[in-house]
Structures are given as C-alpha cells and as structure tokens.
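One structure is given below, encoded as structure tokens.
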Amino acid sequence: MALNSIEETYRSRTPKSAALLQRASQSLPGGLTRNFGYFRPYPVVQQRGSGPYLWDVDGNRYVDLNYNGLSLIHGHAYKPIAQALAKATEDGWAWLGTNLPQIEFAETLCKRIAIFDKVLFTNSGTEASMLAVKMARGFTKRQLILKAHGGYHGTYSDLEAGLHGQGEIAGHTLLAEFNNAADFERVLAQHGSKIAAVVLEPVMYTGVVMPALPGFLNQVQAAARKAGALFVLDDCLMLRLAVGGSAEKFGLEPDITFLGKFVGGGMPVGAVGARREIMDLADPAKADGIYHGGSFNGNVLASVAGRIAVEHLTAERIARMDAQADRIRQALEAKAKAVGLSLYVLCEGSVMGLYFSATKPKPGSELPNPDLSGRYHLACLNRGVQMGPGGMVSMSTAMTDESTAEAIAGMCAALEDVRP
C-alpha cells in the first residue's frame, strides 16, 4: 500500500484529531507540549484509556504499546491506583512538611533497590537526572560528566550532549560510544581525575532501542571506580527489567541510581537513591550540604500512586510481560520474512525496537529507513495499534493474551500494508 493510501486512510479515521491539533497549534507550539509523540501528518488526540487500550476523539480504539513513554506499567486507569488517588484527594495533597505516604513510598524503594539506603524525590525523570549529577559533583568535588552518544537522560542541558546534533559541552560533559567499553576507558584514562560521574542507561531507548552488550555495563562501572568517578545508573525506563531494577538484572552496583516514569504510577515523579554517605549530603541539617528543593517533591498523590505501582510489579508480572514481548517479536519476524521485508528487532525484557534493516542498527537517534518506519507506524495506527514513533514498543501488566493477539494481528496486517 502506497504512503498516500496509508496516510489517506489515517486522515479519514482521525478528522477530529486533525481539527483539534489545528486548534491546539494556536496556543501550543506545533499543537503539543513535548516532542516525543509527534509524527507526520499529525498525532491522534486521545480521549480515554482503560487497561491496555486507548481511545481517540474519533472513537478509534488502539492496543497501546507505548503507555505514555513507558510510564504506565499497569496500563491505563489501573483501579488500585485510581481508587487510592480518589481517597487521597479528600484530605489534600501538597503540604510543606513530610507526609506519611511519602515516608511509605521511600521505604518501599529502599527495600526494593539494593543500593538505596536513602532516597530523594523530584517531579520528573529529568529533575532526577539533574539531582543525580548535582549529588555526584558535590560528593566527588569534580565537575565533568561522561555519558554515551545518543543517550537520553531527560531535557537537562548537561545531559543533552550527544543528542539533537550537539557534541561535548566544554567543562561539563564528555562523550563515549555506547557498547564500547574501550572508548569509555579511554576517556576515563584521559580525564579521570576531573570526571565526577559516568551516567548510563542499561538499554538505550530513545532513537534506536539498544540493549547493552554482555559485560559492557560492568566494565564501565569498573573503569569509573578505578578513576574515582561515580557510576550513575539511569533506571527511569528499565527498572521494569527485574524486581530490583536493571542493577539486579545485570549484576551492577551503581553508586547512584535515578528513577522516573512508572514509579509515579502515572503521576509526575522522579527519585534519586544511593548509599548513606552520598545521600546524607542533602540532609537539611547540614550547613555545608547540597540544597534540594521542590514544592511538589514527594507530594501525597505521587507517593500514593508510586508505592502501589512499584509494589504491584512482581517477578511473576515481569516474567509475563517479557513472554508477551517475545511472542510479538517472534510473530513479527516470521511475518516480515513471509512478506519480503528486512526487519531487525532489538529486544530486552518487555521492551523492543522494530527497524527495517537487514543488519543490526547502530546506537543513536538515526533510524534506518525512516520513511518506511514512518509508513509502518501510520499503518499500525490504522490497524488499531499504537506504538512509539520510530518503532518503540513496550508491554504493561494490563496486557492479556487477547490484547497481545490483537496487537500481533494489527502489526502483521500493517507489515502487509507496507510490503514491497
């Protein structure tokens, strides 16, 4: 099916979305308030969600394979969270002092994540990345940060180096190649005495989904320690890989870990945790400590929702999500081969990336065959499946055998639509 036909079908299904996006563009740049989620000719305007499904303003239903950028691990309108939030709002939800839900949420994270002696809350993963860097610089008395080309850690300028056409930032940020331990070792050997921290995500997800090669993260962690730098793990997206997060999955002992996304249970949240000697730098009783502020840090609603979201993500549910992702992967690989398409699927646990390439894509933000990828994304929407633009896919605990089968049917039909 030609692009024109796929796009025409999309436009014919979504006229109300088109009209609302036009209206939105008068008050919002491009009609929306974040870049992620934008695609041509325009994104759908969504109206409601329930479990693994979303409905747009035109009444179209989609199996959701994105979940607001992986922030809804239990799907849409998860009843235990919705009911707890409704009850919590009766008494108010933003106070100056500490609150009991905040304490309980902190205790939950400290019990679950091995390196968390203590934790601090923020309101997003981006804010958590900023705080993690601030803590690392304060603890080491060094300034430089080392990260991967193409690694996404939020919209904090020091960690946007290597993204959006930007290179290294003099005096702030150095870059090395993801999955190339020797490159990280080279930079650490050259600048190690000035590097406060190495910041890495265990699976690159923005752009090309790229799992870490076996041993890569452990080698970089060891090299950071040798240089006297802290190893900082960005687990905003990949805490989902195991009960104790990606550190448990890959056998890591990071000095600092920061979190976001699903740990808020759908509410805005971020968190930073580490061993006691690092976290106590932020003790407000210390006159020479690190200042951490935020009117809504650890607010009641985020704490209530976050604790439930984390506690309800059990090992059994993680294993089921992983199995569903593998079921989708196998079906797509078989269908692509049958219709004569080169499809490379990169998968880690319950997340994957779909790329129209005969060879393994390189880490970074440049998609192989972006035109075909864009056509396929639209074709999937036409077939009732929403994934992330660029081929990003994730599961939730709300996915059932039925919704997984629906996703497979829609995605395989979309492969037929874009076949040569």
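The values are calculated or read from the model by the stated rules, or taken from the named source; none is laboratory data. Quantities reported herein were computed from a predicted structural model and do not represent experimental measurements. A quick note on method: Cβ atoms are made from the backbone with ideal geometry, for glycine too, and the neighbour counts reach across all protein chains shown.
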Point to revise | Members of the stretch 211-236 that are farther than 18 Å from Val119 by Cβ and hydrophobic (A, V, I, L, M, F, W, C) | key: Ala212, Leu213, Phe216, Leu217, Val220, Ala222, Ala223, Ala224, Ala227, Ala229
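Every residue, every condition in (1) without any contact (Cβ under 8 Å) to a residue 60 or more places away in the chain; (2) aliphatic (A, V, I, L, M); (3) under 21 Å from Ala309 (Cβ atoms), yes or no:
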residue	(1), (2), (3)
Ile6	no, yes, no
Ser12	yes, no, no
Pro43	yes, no, no
Asp64	no, no, yes
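Give the number of residues within the stretch 356-383 that are assigned to a loop (DSSP other than H, G, I, E, B), surrounded by 19 or more Cβ atoms within 10 Å (Cβ to Cβ) and either outside the structural domain of Val63 (by the TED database) or more than 23 Å from the chain's Cα centre (by Cα) (or both).
First, pick out the residues of the stretch 356-383 that are assigned to a loop (DSSP other than H, G, I, E, B): 356-369, 383.
Those left that are additionally surrounded by 19 or more Cβ atoms within 10 Å (Cβ to Cβ): 356, 361, 363-364, 367, 383.
When the remaining residues are screened for being either outside the structural domain of Val63 (by the TED database) or more than 23 Å from the chain's Cα centre (by Cα) (or both), the result is 383.
Selection size over the stretch 356-383: 1.
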Point to revise | Subset of the stretch 160-178 (residues that are crowded, with 17+ Cβ neighbours inside 10 Å and on the phi > 0 side of the Ramachandran plot) | key: Gly162
Study note, to complete from the structure: Lys286 fails exactly one of (1) under 29 Å from Lys87 (Cβ atoms); (2) without any contact (Cβ under 8 Å) to a residue 40 or more places away in the chain, namely (1)
Practice item. Check whether at least one residue in the stretch 220-238 is crowded, with 16+ Cβ neighbours inside 10 Å, touching a His at 6+ places or on another chain (Cβ under 6 Å) and of a type in the set (D, E, K, R), and report yes or no. Key: yes
Check your understanding: Just checking, how many residues over the stretch 275-303 are under 19 Å from Phe105 (Cβ atoms) and assigned to a helix (DSSP H, G or I)?
Key -> 7
Check your understanding: Being in a helix (DSSP H, G or I), outside the structural domain of Val209 (by the TED database), β-branched (Val, Ile, Thr) and surrounded by fewer than 16 Cβ atoms within 10 Å (Cβ to Cβ), is that true of even one residue in the stretch 339-348?
Key -> yes
Check your understanding: Would it be correct to say that Thr397 is farther than 26 Å from Asp58 by Cα, crowded, with 20+ Cβ neighbours inside 10 Å, among the hydroxyl-bearing types (Ser, Thr, Tyr) and at pLDDT 95 or above?
Key -> yes
Exercise for review: Scan the stretch 18-51 residue by residue and report those that are more than 25 Å from Cys412 (Cβ to Cβ) and of a type in the set (S, T, N, Q).
Suggested key: Gln22, Ser25, Gln26, Ser27, Thr33, Asn35, Gln47
Exercise for review: Could you check Ser71 against (1) at pLDDT 95 or above; (2) surrounded by fewer than 16 Cβ atoms within 10 Å (Cβ to Cβ); (3) on the phi < 0 side of the Ramachandran plot; (4) small (Gly, Ala, Ser) and say which number it fails?
Suggested key: (2)
Practice item. Identify the single condition in (1) of a type outside the set (Gly, Ala, Ser); (2) in a loop (DSSP other than H, G, I, E, B); (3) at pLDDT 95 or above that Val199 does not satisfy, given that it satisfies every other one. Key: (2)
Exercise for review: State whether the residues of the stretch 389-409 include one that is touching a residue at least 40 places away in the same chain (Cβ under 8 Å), of a type in the set (Val, Ile, Thr), in a loop (DSSP other than H, G, I, E, B) and more than 23 Å from Val208 (Cβ to Cβ).
Suggested key: yes
Practice item. Tell me which of these Glu311 doesn't satisfy, since it passes every other one: (1) crowded, with 18+ Cβ neighbours inside 10 Å; (2) under 21 Å from Gly69 (Cα atoms); (3) touching a Ser or Thr at 6+ places or on another chain (Cβ under 8 Å). Key: (1)
